[in-house]
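As structure tokens, the structure follows; a few thoughts come after it.
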Amino acid sequence: MARLIKSEKEVEGRYEEVWTLVEEDALDQWPAGPGDVVGRDATRLDGLVKARGEARYTADIRLPGMLQAALLRSPYAHARVARIDLTRAAAAPGVLGVVGPGEVWGVSEEIGFEGSAVAAVAAETEAQARAAVELIDVDWEELEPLLDADEAVARGSLVAETRRYERGDLEQGLAQADAVVESEYRTQTLNHNPLETHGCVCEWRGDAIDVYISTQYIWGLRRDLAENLGLPADKVRVVCEFMGGGFGAKNGLGNYVVLAAELAKRTKRPVRCALGRREENVVGGNRNATKQRVTAAARSDGTLTALAGEFTCALGWEGWLPPTAGPTQLLYACDNVRTVEHGAKLNLPPMAAFRAPGFVEGTWSLECVLDKLAAALDLDPLELRKHNYAHSDPMDGRPFSSKNLMECYRRAEPHWARRHEVRARSDEVWKRGMGLASQSWYGGGGPPSYAWVRLGSDGRANVVTAMQDIGTGTRTAMAQIAAEELGLLLEQVEVQIGDSARGPFASISGGSSTLPSMGPAVRSAAADAARQVLELAAQRFDREQRLLSLKGGRIVSSDGGSWPIDEITGLLDDGQILGKGARGPNPTGMRVLTFGIQLAEVAVDVGTGEVVVERVIAIHDVGRVINPLGARSQVEGGIIQALGHTFSEHRLDDPETGAVLTKTLDAYKLPTIADVPEIVCDFVDEPDAHLTNLGSKGLGEPPIVPTAAAIANAIRDATGADVTSLPITREEILRALREAAERRREPVAAGTP
């Protein structure tokens, strides 16, 4: 029976209560450990399609009569359009439509950052559209940009209200401490740089519109675009069959989509609008820069008595305030905690969610300052973390739905015991060390999400839901879940996703929520289909239904007898057996989080400041692992991305004008395969007994969270130098080495400037 229930849902650290309709499935979780399909390595179902070039991404969409759009963007970070004349552009060769400021959402005469869209042109070819943009005549009134986050906070220029949190008595906690460590940390602005840039194709069908787009949230985009266009939601169809990544940048509706829709409406032709890489690296979203002042205090036995942090986030022109203080508030048991988070509004391109927003930055500062505290107390860094293990939510005392971080620590111990051996391999030039960092993040997902499972007359299953695959292997994981429940082989299951007109509502691919949100709905739908098969089989084969089960593509009776599943499905037309499933509520009164620890081994050239990461060991607790091969890929990808954030990636802005200086991939340095160390993955593969019918949590974001801190702590272990700014450049290493030498009152290593 269907129930209307209210449940708490979290995405990227933001909680909300949602009403959702769920079906009673009364499914017990599968036993822990590998099943016939779930818990076993599975290669991507869509891998061959992609390798052959048969997957259709947004850039591959070619519709009859399709026009190309180009946007006029502001060259100034802060300005006003005093006058604009579109006449010459409208008359240019090939141009069929133009849109100016104030005509659609997100396109204004008031300019808040470089790259702000001011006008758009649709023409027969992209070259014609871009040439026409150059003909738009604009008189700009240039204004003074606000570019400094501290100044913005002092002026009250904020994207969101300052967020304050306190528990206990901080001053008392500081007074009780035998050691107090305070340090300032900085993180840089980072670009997402997905393989596929933002882009869409819009086509009107009478009073309805089809939108082909690279998006992380088909249904959210459908809702927001319908609202913008003044349409009922069922008049907007959103299609995202394949996408080339997003990392959070494609969670919402961009003004380029609204412009394309408006141009398509005016011209009565399909319109394609795709951002180039230079545009992507300006307006495609970013991980905001931070300045963090963090304090940690403890007694001589390592008991934390106080944690405090002030976090200033340079959010750009708009956005939201990420939970940068989250790790300080959540990761360790500490009675006295105070955090303050500021979200500075600046004349810089807006931030966007970016793979564990806030927690990457906040973990960097917390885990680095904890290692400094351990050194001040002459304690083992791992033992310090174990000593302050939080058995329940430190913020409100709620129990965790599951937490196996201590088991992660236990599995880390043999690796950690090697740190003396690692250091012993140092010489006069290359100093070696090992560091570690803990991790927490969300990843419990939530309702609403729905799925259908259709059985064909040949016994094959088709999983249908209008979700998107951001590139994490969603199709494969959903097929594994359905195959396990239906007793089918993996190759007997197909997955149809990516079209709001052809499947039920599905959740966002963000906040590590895809698997824990969609997986339970798919299992519920598969169980419904299996129940129908067994009901019919009981009638057909004159058996009690309780004696029947599905395994290996067959109907099996415990009292003897086995029949191919198509002996039942073959009696029916395709799709007559249709299972429906919904994602149930999250556990009441519990905190759902993911946990983990990473260890890094590094070698540091103390003469040049070069750092080589030789090995990263990642141990994560994310509940039941559906596809170990896919899980390892997620961890490896997260660590590789973290390496770029740690050492080379940095969006640079002109400090006077606010112009982005690193628009190309020549200037913005992404990691390459030559930068990748040995990566060792391990999982505490234990289902969360309180979370859904699967017990699985999300893994998309946890692997990127602790890497930078583990590396910084390894550098400290190797050299005694404290690095406090990201990216960790050679200059930063040499600065830290000089400071460390001064603290020791020893001469700087030969060759160091």
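The values are calculated or read from the model by the stated rules, or taken from the named source; none is laboratory data. All values reported here derive from a predicted model rather than from experimental measurement. Every residue, glycine among them, receives a Cβ derived from its backbone with ideal geometry; neighbour counts consider all protein chains shown.
Which one of these does Leu652 not meet: (1) within 28 Å of Ala721 (Cβ to Cβ); (2) touching a helix residue (DSSP H, G or I) at 6+ places or on another chain (Cβ under 8 Å)?
(2)
Take Arg738 and tell me if it is part of a loop (DSSP other than H, G, I, E, B) and not aromatic (Phe, Trp, Tyr). Reasoning before the result, please.
Working: part of a loop (DSSP other than H, G, I, E, B): no; not aromatic (Phe, Trp, Tyr): yes.
Criteria not met by Arg738.
Residues to consider are Arg423, Arg410; find the one that is outside any loop (DSSP other than H, G, I, E, B) and in contact with a helix residue (DSSP H, G or I) (Cβ under 8 Å, 6 or more places away or on another chain).
Values: Arg410 fails: in contact with a helix residue (DSSP H, G or I) (Cβ under 8 Å, 6 or more places away or on another chain).
Just a single option satisfies the conditions, and that option is Arg423.
Restricting the search to the range 566-595, which residues are buried (at least 23 other Cβ atoms within 10 Å of the Cβ), more than 16 Å from Pro447 (Cα to Cα) and of a type in the set (Gly, Ala, Ser)?
Gly579 - this is the single residue of the range 566-595 that is buried (at least 23 other Cβ atoms within 10 Å of the Cβ), more than 16 Å from Pro447 (Cα to Cα) and of a type in the set (Gly, Ala, Ser).
Can you spot a residue in the range 192-215 that is hydrophobic (A, V, I, L, M, F, W, C), at negative phi and part of a helix (DSSP H, G or I)?
Residues of the range 192-215 that are hydrophobic (A, V, I, L, M, F, W, C), as a first pass: 195, 200-202, 204, 208-209, 211, 213.
Among the residues that remain, those that are also at negative phi are: 195, 200-202, 204, 208-209, 211, 213.
Cutting the leftovers down to part of a helix (DSSP H, G or I) gives us none.
The answer is no; no qualifying residue exists.
Yes/no matrix, rows are residues, columns are (1) at pLDDT 95 or above; (2) surrounded by fewer than 24 Cβ atoms within 10 Å (Cβ to Cβ); (3) out of contact with any Leu (no Cβ under 8 Å at 6 or more places or on another chain):
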{"position": "Asp234", "(1), (2), (3)": "yes, yes, yes"}
{"position": "Arg237", "(1), (2), (3)": "yes, yes, yes"}
{"position": "Gly246", "(1), (2), (3)": "yes, no, yes"}
{"position": "Gly254", "(1), (2), (3)": "yes, no, yes"}
{"position": "Ala260", "(1), (2), (3)": "yes, no, yes"}
{"position": "Lys265", "(1), (2), (3)": "yes, yes, yes"}
{"position": "Pro270", "(1), (2), (3)": "yes, yes, no"}
{"position": "Cys273", "(1), (2), (3)": "yes, no, no"}
{"position": "Gly276", "(1), (2), (3)": "yes, yes, yes"}
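Which condition does Ala333 not pass, out of (1) buried (at least 24 other Cβ atoms within 10 Å of the Cβ); (2) touching a strand residue (DSSP E or B) at 6+ places or on another chain (Cβ under 8 Å); (3) aliphatic (A, V, I, L, M), if it passes all the others?
Of (1) buried (at least 24 other Cβ atoms within 10 Å of the Cβ); (2) touching a strand residue (DSSP E or B) at 6+ places or on another chain (Cβ under 8 Å); (3) aliphatic (A, V, I, L, M), only one is false for Ala333: (1).
Has the range 698-716 got at least one residue that is in a strand (DSSP E or B) and under 17 Å from Ala437 (Cα atoms)? Step through it out loud before you land on a result.
We begin by selecting, within the range 698-716, every residue in a strand (DSSP E or B); these are none.
Checked against the condition, which is being in a strand (DSSP E or B) and under 17 Å from Ala437 (Cα atoms), the range 698-716 yields no hits at all.
Name the one entry in Glu203, Glu182 that is surrounded by fewer than 19 Cβ atoms within 10 Å (Cβ to Cβ) and in contact with a strand residue (DSSP E or B) (Cβ under 9 Å, 6 or more places away or on another chain).
Values: Glu203 fails: surrounded by fewer than 19 Cβ atoms within 10 Å (Cβ to Cβ).
Exactly one of Glu203, Glu182 is surrounded by fewer than 19 Cβ atoms within 10 Å (Cβ to Cβ) and in contact with a strand residue (DSSP E or B) (Cβ under 9 Å, 6 or more places away or on another chain), namely Glu182.
The rows are residues; the columns are (1) touching a residue at least 24 places away in the same chain (Cβ under 8 Å); (2) in a loop (DSSP other than H, G, I, E, B); (3) buried (at least 22 other Cβ atoms within 10 Å of the Cβ); (4) on the phi < 0 side of the Ramachandran plot.
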{"position": "Ile84", "(1), (2), (3), (4)": "yes, no, no, yes"}
{"position": "Val107", "(1), (2), (3), (4)": "yes, yes, yes, yes"}
{"position": "Glu144", "(1), (2), (3), (4)": "yes, yes, no, yes"}
{"position": "Val159", "(1), (2), (3), (4)": "yes, no, yes, yes"}
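Out of the range 613-648, which residues are of a type in the set (A, V, I, L, M, F, W, C), out of contact with any helix residue (DSSP H, G or I) (no Cβ under 7 Å at 6 or more places or on another chain), in contact (Cβ under 8 Å) with a residue 40 or more places away in the chain and closer than 25 Å to Glu731 by Cβ? Walk me through how you get there before you give the answer.
Start the filter on the range 613-648 by keeping residues that are of a type in the set (A, V, I, L, M, F, W, C), which leaves 613, 616-619, 622, 625-626, 629, 631, 635, 639-640, 642-643, 647.
From what's left, out of contact with any helix residue (DSSP H, G or I) (no Cβ under 7 Å at 6 or more places or on another chain): 629, 631, 640, 647.
So of that shortlist, the ones also in contact (Cβ under 8 Å) with a residue 40 or more places away in the chain come out as 629, 631, 647.
If the condition is that a residue be of a type in the set (A, V, I, L, M, F, W, C), out of contact with any helix residue (DSSP H, G or I) (no Cβ under 7 Å at 6 or more places or on another chain), in contact (Cβ under 8 Å) with a residue 40 or more places away in the chain and closer than 25 Å to Glu731 by Cβ, then Phe647 is the only one that fits.
Would you confirm, using the coordinates I've provided, whether Lys431 is more than 25 Å from Gly519 (Cβ to Cβ), outside any loop (DSSP other than H, G, I, E, B) and free of Cβ contacts under 8 Å to residues at least 60 places away in the same chain?
Considered against the rule, which asks whether it is more than 25 Å from Gly519 (Cβ to Cβ), outside any loop (DSSP other than H, G, I, E, B) and free of Cβ contacts under 8 Å to residues at least 60 places away in the same chain, Lys431 comes out as no.
Starting from residues that are touching a Lys or Arg at 6+ places or on another chain (Cβ under 8 Å) and among the small types (Gly, Ala, Ser), keep the ones in the range 315-330 and report whichever is surrounded by the fewest Cβ atoms within 10 Å (Cβ to Cβ).
Among residues in the range 315-330 that are touching a Lys or Arg at 6+ places or on another chain (Cβ under 8 Å) and among the small types (Gly, Ala, Ser), the one surrounded by the fewest Cβ atoms within 10 Å (Cβ to Cβ) is Gly316.
Here are the criteria: (1) crowded, with 21+ Cβ neighbours inside 10 Å; (2) farther than 27 Å from Met351 by Cβ. Tell me which single one Ala91 does not satisfy.
Failed condition: (1).
Restricting to the range 596-633, what's the tally of residues that are among the polar types (S, T, N, Q) and surrounded by fewer than 24 Cβ atoms within 10 Å (Cβ to Cβ)? Explain how you work it out, then say what you get.
To start, the set of residues in the range 596-633 that are among the polar types (S, T, N, Q) comprises 598, 608, 627, 633.
Adding the requirement that they be surrounded by fewer than 24 Cβ atoms within 10 Å (Cβ to Cβ) leaves 608, 633.
Result for the range 596-633: 2.
May I ask you to list the residues in the range 449-498 that are among the basic types (Lys, Arg) and either in a helix (DSSP H, G or I) or buried (at least 22 other Cβ atoms within 10 Å of the Cβ) (or both)? Give the steps one after another, and end with the answer.
Filtering the range 449-498 down to residues among the basic types (Lys, Arg) leaves 454, 460, 475.
Residue satisfying the conditions is Arg475 alone.
Residues that are at pLDDT 95 or above and farther than 27 Å from Gly471 by Cα: which strands (runs of 3 or more DSSP E) entirely in the range 1-79 hold 1 or more of them?
On the way: elements: 2-11, 14-23, 67-73.
Per the criteria, 67-73.
Please identify the pairs in which a residue from the range 531-556 that is among the hydrophobic types (A, V, I, L, M, F, W, C) has its Cβ atom under 6 Å from the Cβ atom of a residue that is surrounded by fewer than 17 Cβ atoms within 10 Å (Cβ to Cβ) and part of a helix (DSSP H, G or I), counting only partners at least 6 apart or on another chain.
Correct list of pairs: Leu534/Gln545; Ala538/Gln545.
Give the residue, chosen from His192, His198, that is in contact (Cβ under 8 Å) with a residue 12 or more places away in the chain, touching an Asp or Glu at 6+ places or on another chain (Cβ under 7 Å) and either under 24 Å from Thr472 (Cα atoms) or among the basic types (Lys, Arg) (or both). Lay out the reasoning, then the answer.
Values: His192 fails: touching an Asp or Glu at 6+ places or on another chain (Cβ under 7 Å).
Just one listed residue meets the conditions, His198.
If you go through the range 732-747 one residue at a time, do you hit one that is buried (at least 16 other Cβ atoms within 10 Å of the Cβ) and on the phi > 0 side of the Ramachandran plot?
no
Take Val98 and decide whether it is at pLDDT below 95 and among the hydrophobic types (A, V, I, L, M, F, W, C).
Values: at pLDDT below 95: no; among the hydrophobic types (A, V, I, L, M, F, W, C): yes.
No: the conditions fail for Val98.
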